[in-house]
1. Please identify the trypsin sites (Lys or Arg not before Pro) of the range 1-81 that satisfy two criteria: DSSP loop assignment and at most 14 other Cβ atoms within 10 Å. Which are they?
2. Can you tell me the order of 365-373, 287-295 when each peptide is scored by its average per-residue count of other Cβ atoms within 10 angstrom, highest first?
3. Can you give me the Cα centroid spacing of the range 174-199 and the range 300-362 in angstrom?
4. Run the dipole for the range 13-184 about the Cα centre, Lys and Arg Cβ at +1, Asp and Glu Cβ at -1, nothing else charged, and hand back the magnitude in debye, nearest 20.
5. Please report the carbon-and-sulfur percent of the accessible area for the chain; probe 1.4 Å, protein heavy atoms only, DNA, RNA and ligands left out.
6. Can you pull the Kirkwood radius for the range 81-158, inverse mean 1/r over Cα pairs, to one decimal in Å?
7. Rank-order 75-84, 104-113 by packing density, defined as the average count of other C-beta atoms within 10 Å over each peptide's residues, highest first.
8. Measure up LYS51/LYS89; LYS30/LYS165; LYS238/LYS338; LYS51/LYS338 against 32 Å on the Cα-Cα distance and list the ones that go over.
Amino acid sequence: MAMPWLFLHSAREVAAGSGCASRAAEHARKRGCQRPAMVLDPWFAGSEAAKSIAAELREACGNTPAMIAVPAGEPDLDAVESVRAALAKADPDLIVVVGGGSAMDTAKVARMLLSNPGPAEKISGPAGAPMVPHPSLFVAIPTTAGTGSEVSESAVVSVPGTNYKMIFRNQDMTPHVALLDPVLGVTAPAGVTAASGLDAVTHAVEAFWSKFANPVTDMLSREAMRLLASGLPRAYSKPDDLQAREDCLIGSMLAAMAFNSANLGLAHAIAGSLGALHHVPHGVANALALPHVSAFNETATDKAKEVGAMFGGGTASSAMFRLRAQLGLDRSLDEWVKPDALDAVAAGAMRSGQLRCNPRAVVVEDVRDMLERMRAPHG
Ligand SMILES: [Fe+2]
């Protein structure tokens, strides 16, 4: 008999297509918003696209939006505090975040702290502490296809000066409206398209073979894999291919809808440890781990065959090695981590809650062995 299962979803609206970012202003008009605020990725803050969304919001709300740039880098509590303080000053009834996963996660937590004052620890925890919802309309416009944070109910923020990442999870954190506008991503550097896209691929694959997958998440993961397998290499090699960009945005959104309920697995456990201890960028860490994790999991789940077929044939691991090579992500772990630090990385990965979702049980020696293999750039 099938295991009992649970599917969670909390976004009210998802729209996709060139120019759909303008729906933010339409919502503002319909709802009578008067105090808009925009939270922006630093590289996107001065762009023409940002100015154009701001102009539409000004016209719809009758007031110029407060423009709040998220400090550069991986999201941490200092960045959250800086955005929270700026939002508190603006007292917004509409918050529009435009950016990648870091900007979206920062905005999600900063917004919740407006209605839940006090230290962030109070509302953190993977199980989801009770939170008072903030009354603002919350719109997310992703500029890269990767985390799918625009439809997920969680955010991950590091604690400065430590190796600790704080997890926040609550359905009231999910943006109400997600607008997937492919035009916004065409200026992203190719390396960002590749690494964030590989993160989305890892979400789709790990949610698909997760022990907590269910019929709804399977449907979402399969379509996410199909779209990413076709769209990601095209978006990487031809940045202005809008159809490819849109396929990647939809793929990453569907993958996030899947992992929001099915959770992730061993590749994210390793990527989390590499990010926390050695600041390996999240997408790159997944690119390093996923082919080896696939080889490890192949014997434990029939779904691996489907993963291989979805990404061009062969085993899941050979397909993942091929994909990352196509995206210029054939790198060696030695670029980031000294060999004598690998034991600590393995120990960190073993502490991850994601391991309980992985289709094959794992012990520390398995992870250590995979980390050793990750030192060779070509598997
Ligand atoms: Fe991820």
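The values are calculated or read from the model by the stated rules, or taken from the named source; none is laboratory data. Fair warning: this is a prediction, and the values are worked out from it, not measured in the lab. Heads up, the Cβs are rebuilt from the backbone with ideal geometry, glycines too, and the neighbour counts pull from every protein chain shown. Side chains are part of the model used for accessible areas, which takes the heavy atoms of the whole protein and leaves out ligands, DNA and RNA. Shrake-Rupley method; radii C 1.70, N 1.55, O 1.52, S 1.80 Å.
1. ARG12
2. 287-295, 365-373
3. Centre-to-centre distance over Cα atoms comes out at 22 Å.
4. Computed charge dipole of the range 13-184: roughly 340 debye.
5. 56
6. Final number for the Kirkwood radius of the range 81-158 is 12.8 Å.
7. Listed from highest to lowest mean packing, they are 104-113, 75-84.
8. From LYS51/LYS89; LYS30/LYS165; LYS238/LYS338; LYS51/LYS338, over 32 Å: LYS30/LYS165; LYS238/LYS338; LYS51/LYS338.
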